[in-house]
1. Suppose the filter is crowded, with 18+ Cβ neighbours inside 10 Å and out of contact with any Ser or Thr (no Cβ under 6 Å at 6 or more places or on another chain); does A106 pass it?
2. Which residues, counting only those in the stretch 18-58, are under 26 Å from D79 (Cβ atoms), in contact with a Pro (Cβ under 9 Å, 6 or more places away or on another chain) and of a type outside the set (G, A, S)?
3. Yes or no: the stretch 23-36 includes at least one residue that is assigned to a helix (DSSP H, G or I) and in contact with a strand residue (DSSP E or B) (Cβ under 8 Å, 6 or more places away or on another chain).
4. Of all the residues that make up the stretch 126-162, how many are hydrophobic (A, V, I, L, M, F, W, C) and more than 22 Å from S216 (Cα to Cα)?
5. Of everything in the stretch 87-123, what is small (G, A, S), touching a Lys or Arg at 6+ places or on another chain (Cβ under 9 Å) and assigned to a helix (DSSP H, G or I)? Give them in sequence order.
6. If F63 satisfies all but one of (1) surrounded by 13 or more Cβ atoms within 10 Å (Cβ to Cβ); (2) more than 20 Å from Q308 (Cβ to Cβ); (3) under 25 Å from the mean Cα position of the chain (by Cα), what's the number of the condition it fails?
7. Which ones in the stretch 55-75 are assigned to a strand (DSSP E or B) and closer than 21 Å to I95 by Cβ?
Amino acid sequence: MGVLTALAILAGLIVVHEAGHFFAATWQGIRVSSFSIGFGPVLLERQRRGVQFALRAIPLGGFVAFPDDDEDSEIPKTDPNLLSNRPLPQRALVIAAGVLANLLLAWLVLLAQGVVVGIPDGFSATPGVLVSGLQAGQPAALAGLQPGDRIVSLAGEPIAGGQEAVAALVTAVKSSPEQPLTLVAERGQRQLTLELVPADVGGTGRIGAQLQPFGSEAFRPARGPLEPIRQANSDFSALLSRTAGGFFTLITHFGETAGQVSGPVKIVEMGASLAQQGGGSLFLFTALISINLAVLNALPLPLLDGGQFVLLLLEGLRGRPLPEKFQMAFMQSGFVFLVGLSVVLIVKDTSQLPAVQQLLSR
């Protein structure tokens with residue numbers, strides 16, 4: 001059920017993004033030829049008011065198509081309701097609407113969390129440190145740790161709870177480069193004794209694991225109708241800032257951070273884990289992924305909304321449309337890049353799934 005929930009959330013976020021483009025176009029009377037979820041061959045389709053609504057075979061996003069892009073379209077190229085014949089501000093709104101739709105959805109989800117679940121009221125820590133993420137090929141993963149494990153002791157000493165426990169464990173790791181550490185981790189109902197050797201990175205120990213306090217977030221009812229709005233504003237600003245900062249760090253320090261990039265398989269795995277936890281975790285997951293989709297699509301890369309916006313900006317500065325050959329080459333390079341990146345991430349993330357790792361280790 002957790003995996004199905006995560007897949008449903010991802011599909012819903014894609015639908016919302018494409019719906020932003022679709023409604024921004026139809027609201028302005030611009031002709032739309034198709035609304036598709038996925039790429040490639042059509043699995044299911046329905047025609048309504050001249051628009052093809054389709055579910056396609058490759059679930060790596062979606063798109064809204066316009067008659068302008070169809071060479072066989074019977075609509076005259078001079079039709080004033082074609083997207084290419086509309087003023088730049090109207091076309092810019094259509095391009096930006098997908099990003100705006102995902103941002104609005106994220107804010108509404110955070111608002112719903114405040115109304116349905118309540119307002120965050122502190123963190124109830126319990127003994128142990130949670131392993132929330134791992135880097136493939138690093139000491140923690142090689143020792144057998146998995147995301148979701150709870151580290152309960154180190155070198156025979158029980159680990160207390162809270163942020164102090166995380167800091168103490170990190171300090172122990174940093175001070176022990178290339179020295180074996182014995183720890184006990186809980187995985188479900190089992191206890192595992194593992195030995196890991198932190199890598200020596202400039203004289204500091206590193207194990208390639210993301211650690212956080214173990215416990216649960218406490219919530220309380222909102223004090224009045226405005227408190228959920230204020231909380232949603234605060235959480236939205238924090239998530240957007242961190243997400244944008246994360247993408248900036250990825251671009252400026254690509255060599256150091258590329259290994260942390262995850263694809264759809266890892267996102268589904270994380271969402272499935274959060275779905276099982278319940279509470280406000282699923283609200284936060286939905287808002288975070290929606291903001292990530294918005295920021296990702298805003299990047300000035302071919303085939304993304306940001307890339308389309310760059311072409312529109314160049315057209316405005318130039319005073320006339322860009323050559324079709326240039327636009328086609330720009331978009332084709334983006335398609336090859338994004339599909340290739342998606343395949344690489346899917347293969348990488350799939351190989352890191354616990355069940356696959358166990359199979360490969362036989």
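The values are calculated or read from the model by the stated rules, or taken from the named source; none is laboratory data. On a predicted model such as this, the values are computed, not experimentally measured, just so you know. Virtual Cβ from ideal backbone geometry, glycine too; neighbours counted across all protein chains shown.
1. Considered against the rule, which asks whether it is crowded, with 18+ Cβ neighbours inside 10 Å and out of contact with any Ser or Thr (no Cβ under 6 Å at 6 or more places or on another chain), A106 comes out as no.
2. R31, V32
3. Within the stretch 23-36, one or more residues are assigned to a helix (DSSP H, G or I) and in contact with a strand residue (DSSP E or B) (Cβ under 8 Å, 6 or more places away or on another chain).
4. 7
5. Within the stretch 87-123, G114 is the sole residue that qualifies.
6. (2)
7. The answer is L60, G61, G62, F63, V64, A65.
Residue-by-condition table, conditions (1) in contact with a helix residue (DSSP H, G or I) (Cβ under 6 Å, 6 or more places away or on another chain); (2) loosely packed, with under 12 Cβ neighbours inside 10 Å; (3) at pLDDT 90 or above:
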position: K174; (1), (2), (3): no, no, yes
position: E178; (1), (2), (3): no, yes, yes
position: V184; (1), (2), (3): no, no, yes
position: T193; (1), (2), (3): no, yes, yes
position: P198; (1), (2), (3): yes, no, yes
position: G202; (1), (2), (3): no, yes, no
